[in-house]
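Reading through the structure tokens given below for one structure.
The values are calculated or read from the model by the stated rules, or taken from the named source; none is laboratory data. Keep in mind the model is a prediction, meaning the values are calculated, not measured. Please note: Cβ atoms are built from the backbone with ideal geometry, for glycine as well, and neighbour counts cover all protein chains shown. Areas reflect the complete protein model, heavy atoms only, side chains present, ligands, DNA and RNA absent. Shrake-Rupley method; radii C 1.70, N 1.55, O 1.52, S 1.80 Å.
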Amino acid sequence: MSRGSSAGFDRHITIFSPEGRLYQVEYAFKAINQSGLTSVGVRGDNCAVLMTQKKVPDKLVDKSTVTHMFNLTPNVGCVMTGLTADSRSQVMRSRHEAANFKYKYGYEIPVDALVKRMADISQVYTQNAEMRPLGCSMMMIGWDHELNKPLLYKADPAGYYCGFRAVSAGIKQTEANTFLEKKLKKKKDQSWDLDRAISVALSCLTHILSVDFKPDELEVAVVSKDQPKFHCLSEDEIEIHLTALAEKD
């Protein structure tokens, strides 16, 4: 029990430490970094972009089966960062909740309603001893037909969720958020179209990881006013954006 201030208080998920901390929930946040990946989300004026690294763990693995981008409904999709198995479990639950909503009310679940539901479920996991928090972070985008604009949300293992203009998750989250803040502050008066949003997300990952990406090392998903359905870009389309960024630099 002589392990500093966390001694004994990290054994059980529902016990607060004397400082008022839940160590198991904090460890779930650390588990997000285990994948070694960084994901970025950017919301433009009439589009939203998700971008993440694509690492194939083994040469024997079929790389077309490795993905962190998931469709939840035709118009809503997400990128999962963290433990892969936990991510897939949360994606399946999200699809189940979205299908239930459509069956009950007769229309597709809005992004904010789905992310709120998933955050509520994550929060319950921090109260019950029979379930551990999931070691993954969920960034969700979608086109909201009611508000007629794109939405970008992020939900964490503690059950907190929030809408963002730009956000990141993963091992280099702090550096990525600092980079995105600078970009947003600098370009307040400029219009953010789809190409610009993708360019900012690309330059963010390239800058913080100091890597020149190849098209097969990235995954990019977008929604926009012209194409409100959630879809991933092909390697050829990613190549065009990488070339444009290289020429700009």
Only one of 92, 118, 80, 131 is modelled with pLDDT of 95 or more and over 15 Å from the mean Cα position of the chain (by Cα); which? 92
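Residues checked against (1) under 17 Å from residue 169 (Cβ atoms); (2) among the basic types (Lys, Arg); (3) in contact with a Lys or Arg (Cβ under 7 Å, 6 or more places away or on another chain); (4) in contact (Cβ under 8 Å) with a residue 60 or more places away in the chain:
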| residue | (1), (2), (3), (4) |
| --- | --- |
| 71 | no, no, no, yes |
| 77 | yes, no, no, yes |
| 91 | yes, no, no, no |
| 97 | no, no, yes, no |
| 109 | no, no, yes, no |
| 115 | yes, no, no, no |
| 127 | no, no, no, yes |
| 135 | yes, no, no, yes |
Screening 33, 100 for residues that are under 19 Å from residue 142 (Cβ atoms), outside any loop (DSSP other than H, G, I, E, B) and open to solvent by 20 Å² or more (accessible area, probe 1.4 Å) leaves only 100
Quick one: is residue 103 within 29 Å of residue 14 (Cα to Cα) and aromatic (Phe, Trp, Tyr)? no
Candidate set from the stretch 185-222 (those that are touching a strand residue (DSSP E or B) at 6+ places or on another chain (Cβ under 6 Å) and open to solvent by 10 Å² or more (accessible area, probe 1.4 Å)); member that is nearest to residue 49 (Cα to Cα): 194
Which is under 30 Å from residue 11 (Cα atoms), open to solvent by less than 10 Å² (accessible area, probe 1.4 Å), in a helix (DSSP H, G or I) and not small (Gly, Ala, Ser), of 139, 118? 118
It is to be established whether one or more residues within the stretch 10-29 are within 29 Å of residue 226 (Cβ to Cβ) and either open to solvent by 20 Å² or more (accessible area, probe 1.4 Å) or over 23 Å from the mean Cα position of the chain (by Cα) (or both). no
Just a yes or no: is a residue in the stretch 215-224 more than 28 Å from residue 62 (Cβ to Cβ), at pLDDT 90 or above and under 16 Å from the mean Cα position of the chain (by Cα)? no
Of the residues 229, 154, which single one is touching a strand residue (DSSP E or B) at 6+ places or on another chain (Cβ under 8 Å), assigned to a loop (DSSP other than H, G, I, E, B) and within 18 Å of residue 44 (Cα to Cα)? 229
For the stretch 164-212, what are the residues that are in a loop (DSSP other than H, G, I, E, B), touching a residue at least 40 places away in the same chain (Cβ under 8 Å) and not β-branched (Val, Ile, Thr)? 164, 165, 172, 191, 192, 193
